[in-house]
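One structure is given below, encoded as structure tokens.
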Amino acid sequence: MAKSIELDQFDQALLREMQSDNQTPARVLAERVGLSQSAVLRRLRRLRDEGVIVADVSVVNPAVMGVPLTIHVLVSIDQGARQAAAFSKKLQGRSEVIQASYVTGGADFALLLQLESMEAYAQFAAEVFHADPHVSSFYTYVAMREVVGPAHRRSARR
């Protein structure tokens, strides 16, 4: 369980800005949130140290990386903590898996995959879903285009 951290209006404003573009210079952030540049830098350091900001990453165009196909998959497994743990471990070793969550509702896992082709997905499905006797079903959703996401947040800001 994450510890409770007190965030004031300036912290929240900084976090909104950082989620949009974490490369924004401190002087620009200071202007946007109404603090001095040194106060912004101190707050960002504290937010990182306290685990509020957990990563600074670059969102790269998947097509440039050779994986233009985005697939979402809902996976149901035979119930049991051992099966969920084993399936989680298997997913962690797969480069195609960009994100995986253990979820409530009609499925047990929600996956976000990036692949180079439908043939690559067929191979992935054979290895990860069909070959696993504990996978009872999976539903595949191929993304046609992204309508909201990190790239959209940044371009909307400009």
**Study point:** Output for segment 1-20, where each listed residue is open to solvent by 30 Å² or more (accessible area, probe 1.4 Å) and in contact (Cβ under 8 Å) with a residue 60 or more places away in the chain
**Key:** 19
Check your understanding: Which ones in segment 79-101 are open to solvent by 50 Å² or more (accessible area, probe 1.4 Å) and farther than 23 Å from residue 118 by Cβ?
Key -> 79, 81, 82, 85, 86, 89, 92
Check your understanding: Could you say whether any residue in segment 46-62 is in a helix (DSSP H, G or I) and in contact with a helix residue (DSSP H, G or I) (Cβ under 9 Å, 6 or more places away or on another chain)?
Key -> yes
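Residue-wise test of (1) free of Cβ contacts under 8 Å to residues at least 40 places away in the same chain; (2) among the hydrophobic types (A, V, I, L, M, F, W, C); (3) part of a loop (DSSP other than H, G, I, E, B); (4) farther than 30 Å from residue 20 by Cβ.
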site: 65; (1), (2), (3), (4): no, yes, yes, no
site: 83; (1), (2), (3), (4): no, no, no, yes
site: 90; (1), (2), (3), (4): no, no, no, yes
site: 104; (1), (2), (3), (4): yes, no, yes, no
site: 120; (1), (2), (3), (4): no, yes, no, yes
site: 144; (1), (2), (3), (4): yes, yes, yes, no
site: 147; (1), (2), (3), (4): yes, yes, yes, no
Revision key, fill the gap. Restricting attention to segment 63-78, the residues that are within 12 Å of residue 109 (Cα to Cα) and either open to solvent by 20 Å² or more (accessible area, probe 1.4 Å) or charged (D, E, K, R) (or both) number exactly 3
Exercise for review: Among the residues of segment 8-63, write down those that are acidic (Asp, Glu) and over 27 Å from residue 99 (Cα atoms).
Suggested key: 8, 31
Practice item. Among the candidates 28, 40, single out the residue that is part of a helix (DSSP H, G or I), open to solvent by less than 40 Å² (accessible area, probe 1.4 Å) and free of Cβ contacts under 8 Å to residues at least 24 places away in the same chain. Key: 28
Check your understanding: Is it the case that some residue within segment 12-25 is assigned to a helix (DSSP H, G or I) and more than 22 Å from residue 150 (Cβ to Cβ)?
Key -> no
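The values are calculated or read from the model by the stated rules, or taken from the named source; none is laboratory data. The structure displayed is predicted, hence computed values, not measured ones. Note that we place each Cβ from the backbone using ideal geometry, even for glycine, and neighbour counts take in every protein chain shown. Side chains are part of the model used for accessible areas, which takes the heavy atoms of the whole protein and leaves out ligands, DNA and RNA. Shrake-Rupley method; radii C 1.70, N 1.55, O 1.52, S 1.80 Å.
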